[in-house]
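> The structure under discussion is supplied below as structure tokens; questions concerning it will follow.
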Amino acid sequence: MTQQVFTYDQPFALESGAVFHNLRLAYTTYGSMNGDRSNIIWIFHALTANSNPHEWWPEMIGEEKIFDPARHFIICVNMPGSCYGSSSPLDTNPETGVPYYHNFPFFTIRDMAGAYRLLQKELGITKIKIGIGGSTGGQQLLEWAVQDPELFEHIIPLATNAVHSPWGKAFNASQRFAIEADQTWKNKAADAGLKGMEVARGIALLSYRNATAYNKTQSESSEDTLESFRSESYQRYQGTKLAARFNAFSYYVLSKSMDSHNLGRGRGTVIKALEAIRAATLVLALEGDLLFPPEEQDFLAEHIPDAIVRHISTDYGHDGFLLEFEQISEAIKKFITHHAASVITK
Ligand SMILES: CC(=O)SCCNC(=O)CCNC(=O)[C@H](O)C(C)(C)COP(=O)(O)OP(=O)(O)OC[C@H]1O[C@@H](n2cnc3c(N)ncnc32)[C@H](O)[C@@H]1OP(=O)(O)O
Ligand SMILES: N[C@@H](CCO)C(=O)O
């Protein structure tokens with residue numbers, strides 16, 4: 001495994017009209033590119049993860065796993081705005097000499113794909129065997145597959161959508177309101193808004209899981225309990241767990257990035273954009289996903305020309321894309337084998 005940083009010394013124009021300087025992308029790679037560079041797997045991480053998929057998707061990467069460094073060159077980039085090495089709100093703004101904090105310009109999903117293309121060129125990558133990503137990672141993958149239809153041989157978007165829904169945007173807005181309601185949020189300090197972010201994580205979890213998940217894992221062992229219920233302590237714990245590794249500035253801008261996702265913007269319609277994708281596509285849906293309901297993945301498969309959709313059964317809802325690795329690996333294996341066979345017989 002190697003962890004590196006790519007820096008772009010030219011101004012980088014964002015969709016919002018802002019111009020970003022000194023763009024930095026932290027990325028992790030496993031394995032080596034083969035002679036004809038035909039073994040590249042590009043993984044896109046979700047909202048609060050980092051560029052090291054082995055940490056958050058351990059059962060998907062490794063010896064004899066679906067993505068195996070002995071056979072594949074695996075790359076994952078930390079998304080700009082995040083706090084794991086890429087350009088982030090805690091960086092010093094070269095124009096002011098002080099940290100950006102509240103003034104960090106948010107990157108749209110389209111800006112993110114544009115940034116990754118710079119790194120792709122730098123690494124001399126002209127073909128990607130498989131692009132895979134869940135949730136907002138899947139949004140970036142789809143956006144890139146529309147921007148450069150010939151780049152990906154296969155794409156595997158999981159638990160994601162073509163346009164971020166009003167429902168998803170409402171969840172994100174409520175989370176930002178929780179951060180804004182924290183009195184410390186106005187402070188120009190790295191820990192501003194952390195309590196608000198803890199509440200935001202609790203709100204988010206209600207969309208990442210569902211009633212089945214909570215009712216299964218957080219039921220009380222005694223009917224005598226009158227207060228301090230397990231699900232309450234779970235909500236609190238998950239907030240503090242995130243606060244120990246993330247910051248509210250990154251959380252705030254990344255939720256805006258997710259809201260910006262719309263494959264159809266400036267391209268006629270969403271359907272037209274999806275129809276431009278040339279990659280063989282496996283769309284994965286998670287049963288009981290409240291945030292990205294399976295109908296959204298069915299829609300993707302209906303309009304991407306060479307696509308199939310598979311529904312994964314899970315008690316975890318949306319978070320199933322991070323946890324149902326056996327079913328996900330099996331679906332990928334079948335898809336790649338079937339696609340290779342159909343290419344040979346064509
Ligand atoms: C740099 C990095 O760390 S990156 C890796 C971290 N995260 C990411 O990359 C983002 C992607 N990952 C995720 O979102 C999550 O890890 C998931 C969805 C995969 C799994 O979520 P988890 O929080 O691990 O699982 P789950 O919801 O079962 O919660 C388990 C935790 O809650 C605790 N918990 C469970 N019930 C309760 C309760 N009633 N009260 C208090 N705590 C509780 C458990 O003790 C456990 O704590 P631990 O994480 O300290 O071991
Ligand atoms: N649980 C994921 C977000 C859900 O897509 C994360 O924390 O990155």
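> Counting pairs of alpha carbon atoms under 8 Å apart in space and at least six apart in sequence, what relative contact order in percent does the chain give?
Reported relative contact order: 17 percent.
> Now a separate question. What whole-number volume per residue, in cubic angstrom, does the convex hull of the C-alpha atoms of the chain give?
138 Å³
> Let me ask you something else. Can you work out the Karplus-derived ³J(HN,Hα) for every residue in segment 71-83? Use 6.51 cos²θ - 1.76 cosθ + 1.60 with θ = phi - 60°, whole Hz, and x for glycine or proline.
Once rounded to whole Hz, the list reads 10, 10, 9, 10, 10, 9, 10, 6, 6, x, x, 6, 9.
> Name the long-range amide H neighbours of Phe152: under 5 Å, sequence gap of 5 or more, or other chain; modelled H, no Pro or chain starts.
Amide H neighbours of Phe152: Ile128.
> Would you please give the residues with an amide H less than 5 Å from that of His261, counting only those at least 5 places away or on a separate chain, with H modeled from the backbone geometry?
Here the answer is Ile109, His164, since their amide H atoms fall under 5 Å of that of His261.
> Tell me the label-point distance for the pair Thr7, Glu223, using the 7 Å Cα-to-Cβ offset, in nm and rounded to one decimal.
Result: 6.6 nm between the two label points.
> Taking only complete DSSP H runs, can you tell me which helices of the chain stretch 18 Å or more along their own long axis by Cα positions and average at least -0.5 on the Kyte-Doolittle scale?
What comes out of the filter, once short or polar helices are dropped, is 166-180, 194-208, 325-345.
> If you rank Cys83, Cys76 by how much accessible surface each has, with a 1.4 Å probe, what is the order from largest down?
The ranking, largest first, comes out as Cys83, Cys76.
> Roughly speaking, to the nearest percent, how much of segment 168-257's 1.4 Å accessible area is carbon and sulfur?
Using a 1.4 Å probe with all protein chains present, segment 168-257 comes out at 53 percent carbon and sulfur.
> Now, a different point. If you count only protein heavy atoms with a 1.4 Å probe, what accessible area per residue comes out for the chain, rounded to a whole Å²?
44 Å²
> Among DSSP beta bridges whose residues both lie in the chain, state the antiparallel percentage, nearest 5.
Here the antiparallel bridges make up roughly 40 percent for the chain.
> Still on this structure, I have one more. Can I get the semi-axes of segment 168-257's equivalent ellipsoid? Compute them from the C-alpha gyration tensor as square roots of 5 times the eigenvalues, in angstrom, largest first.
With the √(5λ) rule applied to segment 168-257, the semi-axes are 27, 15, 10 Å.
> Just order 156-163, 310-317, 14-21, 128-135 by mean Cβ neighbour count inside 10 Å, highest at the front, would you?
Answer by packing, highest mean first, reads 156-163, 128-135, 310-317, 14-21.
> If you don't mind, another one. So how do 35-44, 219-228, 265-274, 198-207 stack up, highest first, on mean other-Cβ count within 10 Å? Kindly include the intermediate steps, with their values, before the conclusion.
Working: 35-44: 19.0, 219-228: 7.2, 265-274: 15.5, 198-207: 20.9.
Descending mean neighbour count gives 198-207, 35-44, 265-274, 219-228.
> Listed highest first by mean packing, meaning other Cβ atoms within 10 Å per residue, what order do 243-249, 191-197, 93-99, 181-187 come in?
Descending mean neighbour count gives 191-197, 243-249, 181-187, 93-99.
The values are calculated or read from the model by the stated rules, or taken from the named source; none is laboratory data. The shown structure was predicted, so the numbers you read here are calculated from the model rather than taken from an experiment. Cβ sites come from the backbone with ideal geometry, for glycine too, and all protein chains shown count toward neighbours. Ligands, DNA and RNA are excluded from the accessible area calculation, which covers all protein heavy atoms including side chains. Shrake-Rupley method; radii C 1.70, N 1.55, O 1.52, S 1.80 Å.
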